[in-house]
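The structure under discussion appears below in the form of structure tokens.
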Amino acid sequence: MMSMFSGFYKRSRQDRITLLYKERNLAEENLATLVEDTNLPETVAGKMVENHLGTFSLPFAVLPEIRVNGQSYSVPMVTEEPSVVAAASFGAKIIGRSGGFETYMNKRQMIGQVALFEVENVEKAQEFIQKEEATLLQIANQAYPSIVKRGGGARQLTVEVKEAFLIVYLHVDVQEAMGANILNTMLEALKQPLEAMSQGKTLMGILSNYATDSLVTSRCQVPIANLALNKADATHLADKIAWASLLAQVDPYRAATHNKGIFNGIDAVVVATGNDWRAIEAGAHAYASRDGAYRGLSTWKIEGDNLIGEITLPLPIATVGGSIGLNPKVAASFDMLGDVKAKELAAIIASVGLCQNFAALRALVTTGIQSGHMKLQLQSLALHAGARVEEVADLVAALRKTAHPNLQAAKELLKDLRS
Ligand code: HMG
């Protein structure tokens, strides 16, 4: 069956908003936010950061449809880069026809650490602290009772010796929050008791962004026959995508770019939902190097008649806290997504990363990235060259005919168009 979102990008901006409003049952205030497209008021922006000067805009877009765990979602994306949204839409469409993405998330907890140094007898202190786990968990929970009332709280405490440090790790169920304030408050409350128990000194107590207790896996299975119109082309494409996946496992130069492509999608959704993209990037890159070598976060392999894609990464995504409640565009994003909870949002984000990666690899091993990317990049190039909105279409058409559509060429063509 043809999706109602097919050809979405060919509609006008107003039509796209109307379609989303109807299909995703957006609230009136979020419809107004999308239509009016205003920036954060000074009263809000001025309280969010220091030395505030104004606001800084980026394009707010949508991946119209992706299927995750049998559900259809429209996913908000904030990005400055042309072809990212097109590629994600393309990947989601091809993979959606093959059943979409299935995801798995075992638990969603955050980890924080208190690092102790100059501990007289580390082995003895390690054993003692571990024995006192229940007491320490209680101290942590008393420091942040509201998360306990919400059904979360400190769950586990582990202790490790690393070089000169005795490190105490606290594992906390933070429910729907990102958890930095919760963890940092708990960890600071543990410092003094840990100093007393270890007879050492605390260096710091801080949340870790290496969120290995919030791992998400997304997987898709695409019949190879769905990849191209003829069987030989489809088989050739699947084969090359599997080779591209292997390259990203063995060469860090390729792995970094492979993962950058994944983050084209992931970051765009993380920003649109008001989450902390630095935290997500830091955790995922640490995970990509977990065995000592930096590798691609996703893999593609052929199993029988199917191409199987899989990605696993830490995604401690929040639906409350931080700037999430302050930005009306973030409220519109959540409305578009169907007011998802944190685990569901993490599942969607991992799937967007995987379909973004699929589209990039498909382009790379066939036409090369330039043809699709440049097709969409030309509009930015035209604006960059100084074209007025009404001149952009003509300049893009002229740029398409040139062998090297760069800024210099765009400026010269614009001069010709105006003469
Ligand atoms: P195409 O085959 O020309 O697309 O690919 P199409 O015209 O046949 O359209 C197919 C579907 O793509 C459409 O379905 C849309 O979903 C979507 P429909 O709605 O018609 O049913 N689509 C669009 N959506 C929004 N706006 C558009 C648009 N065009 C198509 N204008 C496409 C064109 C760009 C999708 C393809 O060439 C592609 O996927 N290229 C990859 C582009 C990419 O990855 N860009 C990211 C920047 S490059 C980079 O940073 C990452 C990289 O280095 C990572 C790595 O190395 O791994 C590449």
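What single numbered condition from (1) under 27 Å from Lys341 (Cβ atoms); (2) among the hydrophobic types (A, V, I, L, M, F, W, C); (3) at pLDDT 95 or above fails to hold for Val168?
Against the list (1) under 27 Å from Lys341 (Cβ atoms); (2) among the hydrophobic types (A, V, I, L, M, F, W, C); (3) at pLDDT 95 or above, Val168 comes up short only on (1).
Residues that are touching a strand residue (DSSP E or B) at 6+ places or on another chain (Cβ under 9 Å), in contact (Cβ under 8 Å) with a residue 24 or more places away in the chain and farther than 30 Å from Glu123 by Cβ: find the strands (runs of 3 or more DSSP E) completely inside the stretch 138-237 holding 2 or more of those.
Qualifying strands (runs of 3 or more DSSP E): 215-223.
I'm trying to understand the selection: among the residues of the stretch 33-50, which are over 26 Å from the mean Cα position of the chain (by Cα) and either at positive phi or outside any loop (DSSP other than H, G, I, E, B) (or both)?
Correct list: Glu36, Glu42, Thr43, Gly46.
Test each condition in (1) part of a loop (DSSP other than H, G, I, E, B); (2) at pLDDT 95 or above for Met4 and report the one that comes out false.
(2)
Out of (1) closer than 30 Å to Ala238 by Cβ; (2) more than 16 Å from the ligand (Cβ to nearest atom); (3) surrounded by 12 or more Cβ atoms within 10 Å (Cβ to Cβ), what's the single condition that is false for Met48?
Here Met48 meets the rest and fails (1).
With respect to Glu42, is the statement that it is acidic (Asp, Glu), at pLDDT below 95, out of contact with any helix residue (DSSP H, G or I) (no Cβ under 6 Å at 6 or more places or on another chain) and away from the ligand (no atom under 16 Å from the Cβ) true?
Yes: the conditions hold for Glu42.
If you take the residues in the stretch 371-381 that are among the polar types (S, T, N, Q) and within 9 Å of the ligand (Cβ to nearest atom), which one is nearest to Val85 (Cα to Cα)?
Ranking the qualifying residues of the stretch 371-381, first place goes to Gln377.
How do the helices (runs of 4 or more DSSP H) wholly within the stretch 328-419 filter down when requiring 2 or more residues that are within 31 Å of the chain's Cα centre (by Cα): which remain?
Output list reads 328-337, 342-365, 369-384.
Can you confirm whether the stretch 124-131 contains a residue that is touching a helix residue (DSSP H, G or I) at 6+ places or on another chain (Cβ under 8 Å), of a type outside the set (Gly, Ala, Ser) and surrounded by fewer than 22 Cβ atoms within 10 Å (Cβ to Cβ)?
yes
Strands (runs of 3 or more DSSP E) wholly in the stretch 63-118 with at least 2 residues that are more than 27 Å from Ser371 (Cβ to Cβ), among the β-branched types (Val, Ile, Thr) and at pLDDT 95 or above - which ones?
The strands (runs of 3 or more DSSP E) meeting that bar are 109-117.
Counting just the residues of the stretch 320-357 that are modelled with pLDDT under 95 and among the β-branched types (Val, Ile, Thr), which one comes out nearest to the ligand (Cβ to nearest atom)?
Filtering first and then ranking leaves Ile324.
Within the bounds of the stretch 272-280, is there any residue that is touching a Phe, Trp or Tyr at 6+ places or on another chain (Cβ under 6 Å), within 24 Å of Glu80 (Cβ to Cβ) and in a helix (DSSP H, G or I)?
The answer is no, given that none of the residues of the stretch 272-280 is touching a Phe, Trp or Tyr at 6+ places or on another chain (Cβ under 6 Å), within 24 Å of Glu80 (Cβ to Cβ) and in a helix (DSSP H, G or I).
Which members of the stretch 258-284 meet the condition of being within 15 Å of the ligand (Cβ to nearest atom), surrounded by fewer than 19 Cβ atoms within 10 Å (Cβ to Cβ) and touching a residue at least 12 places away in the same chain (Cβ under 8 Å)?
Glu281
Might you let me know whether the stretch 101-112 holds any residue that is surrounded by 21 or more Cβ atoms within 10 Å (Cβ to Cβ), more than 28 Å from the chain's Cα centre (by Cα) and away from the ligand (no atom under 16 Å from the Cβ)?
So far as the stretch 101-112 goes, no, none of its residues is surrounded by 21 or more Cβ atoms within 10 Å (Cβ to Cβ), more than 28 Å from the chain's Cα centre (by Cα) and away from the ligand (no atom under 16 Å from the Cβ).
Somewhere in the stretch 11-32, is a residue at negative phi, in contact with a helix residue (DSSP H, G or I) (Cβ under 7 Å, 6 or more places away or on another chain), among the acidic types (Asp, Glu) and not assigned by TED's automatic domain parsing to the domain that holds Val172?
Checking the stretch 11-32: not a single residue is at negative phi, in contact with a helix residue (DSSP H, G or I) (Cβ under 7 Å, 6 or more places away or on another chain), among the acidic types (Asp, Glu) and not assigned by TED's automatic domain parsing to the domain that holds Val172.
The values are calculated or read from the model by the stated rules, or taken from the named source; none is laboratory data. What you are looking at is a predicted structure, and each value in this text was computed from that prediction instead of being measured. As a convention, Cβ positions derive from the backbone with ideal geometry for all residues, glycine included, and neighbour counts pool all protein chains shown.
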